[in-house]
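The structure appears below as structure tokens.
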Amino acid sequence: MNPTTTSGLRRCWQTLCALLLAAGLAACGAPQSSPDPLAAVAQRGPQVESTLGTQWGEGRESVTYDVEATRLHPEHAQALSQLRYSDEASIRRALGGSADRQLNVLLADGAVEWSFLDGQGQALPVYSQRGSSSYQLAGRHGERYMLVFTNRSSRNYEVVATVDGLDVLSGQAGSLQNAGYLLRAGQTLHIEGFRKNSREVAAFRFATKDRAYAAHTADGDARNIGVIGAALFEVQLAGNPVVQPPRSGAGAPAPQAFPGDAGRGGYAQPPQYR
């Protein structure tokens with residue numbers, strides 16, 4: 001996967017701040033209603049006990065730049081979905097003869113296709129019980145993976161995504177009020193990991209649950225390991241963003257007179273293994 005170009009701003013009410021990832025942007029959205037519909041989604045169909053978690057993997061380059069947009073309907077998401085993940089044998093055993101295998105999940109009545117690629121760019125299978133909307137992603141221990149959103153519509157969407165209950169941008173507890181990635185009309189967004197800073201993400205890697213990032217960070221909750229979530233909000237872009245090329249030597253941090261006030265910058269913090 002080639003390095004991607006992205007960036008981010010802080011959120012303010014209905015103004016959305018975005019990160020552009022190759023064919024998509026990251027955005028911060030407005031306050032939302034309670035995510036109760038997601039609980040209903042989770043209860044449909046048989047649930048597979050997860051045998052995997054997602055580890056904080058190796059760093060992968062992903063440079064950011066800023067753009068503004070506004071959620072058109074901040075009070076509710078156009079699509080809200082979650083799936084569990086585990087090893088393929090466990091999934092097939094739990095679903096039995098009713099297992100249905102597919103390569104993506106349709107969001108917003110098919111406007112956006114949600115799929116998953118491994119480290120070689122091959123699609124990972126998604127299972128469900130026939131007639132059910134409870135999805136199970138089949139992963140492999142040690143394999144790198146990424147979330148892929150393909151926009152088949154003429155609308156722009158903000159994608160708020162979580163892995164193991166943690167926001168993929170901030171590493172904090174997932175919330176519909178958190179920042180998300182903005183997916184342009186007709187384009188594809190790849191989310192490769194937890195964002196470490198404006199130039200890098202920590203790759204998503206399947207691991208044992210005890211090695212999951214969520215088990216080694218203050219914002220994590222072990223009960224949420226093994227679940228991935230996504231929400232879509234339609235947005236209006238504020239003009240055409242202009243890409244700013246990385247400055248020479250941008251890899252080195254600029255000197256700061258008050259480094260203690262720099263804070264975490266809204267990004268995910270590394271795990272603390274015990």
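The values are calculated or read from the model by the stated rules, or taken from the named source; none is laboratory data. Everything quoted here is computed from the prediction, not taken from an experiment. Cβ atoms come from the backbone with ideal geometry, glycine included; neighbour counts cover every protein chain shown. Remember, those area values only see protein heavy atoms, side chains included, never the ligands or the DNA or RNA. Shrake-Rupley method; radii C 1.70, N 1.55, O 1.52, S 1.80 Å.
Name the residues in region 50-93 that are in contact with a Phe, Trp or Tyr (Cβ under 8 Å, 6 or more places away or on another chain), open to solvent by 60 Å² or more (accessible area, probe 1.4 Å) and either touching a residue at least 60 places away in the same chain (Cβ under 8 Å) or assigned to a strand (DSSP E or B) (or both), would you?
L72, H73, R84
Hey, can you tell me all the residues within region 221-240 that are among the β-branched types (V, I, T) and in a strand (DSSP E or B)?
V227, I228, V235
Got a sec? Which strands (runs of 3 or more DSSP E) wholly within region 146-220 have at least 2 residues that are within 25 Å of E88 (Cβ to Cβ)? Spell out how you get there, then give the answer.
Numbers: elements: 156-163, 179-183, 188-191, 193-197, 200-207.
Those strands (runs of 3 or more DSSP E) span 156-163, 188-191, 193-197, 200-207.
Just the residues that are more than 24 Å from V105 (Cβ to Cβ) and either touching an Asp or Glu at 6+ places or on another chain (Cβ under 8 Å) or of a type in the set (G, A, S) (or both), please, taken from region 211-232.
Of everything in region 211-232, those that are more than 24 Å from V105 (Cβ to Cβ) and either touching an Asp or Glu at 6+ places or on another chain (Cβ under 8 Å) or of a type in the set (G, A, S) (or both) turn out to be A215, A218, G220, A222.
Mind checking which pairs have a first residue in region 164-182 that is touching a residue at least 24 places away in the same chain (Cβ under 8 Å) and a second that is open to solvent by less than 10 Å² (accessible area, probe 1.4 Å) and basic (K, R), Cβ under 8 Å, 6 or more apart or different chains?
V168/R195; L169/R195; S170/R195; G171/R195
Hey, among the residues in region 122-145 that are assigned to a loop (DSSP other than H, G, I, E, B) and at pLDDT 95 or above, which one's surrounded by the fewest Cβ atoms within 10 Å (Cβ to Cβ)?
Quick first cut of region 122-145, residues assigned to a loop (DSSP other than H, G, I, E, B) only: 122, 124-125, 130-134, 140-143.
Checking the rest, the ones that are also at pLDDT 95 or above come to 122, 124-125, 140-143.
Details: Q122: 9, L124: 20, P125: 16, R140: 14, H141: 14, G142: 12, E143: 16.
Only one residue tops the list, namely Q122.
Would you please list the contacts, defined by Cβ atoms under 8 Å and residues six or more apart or on different chains, that run from a residue in region 223-240 that is within 21 Å of Q172 (Cβ to Cβ) and of a type in the set (G, A, S) to a residue that is crowded, with 24+ Cβ neighbours inside 10 Å and modelled with pLDDT under 95?
A231/G180
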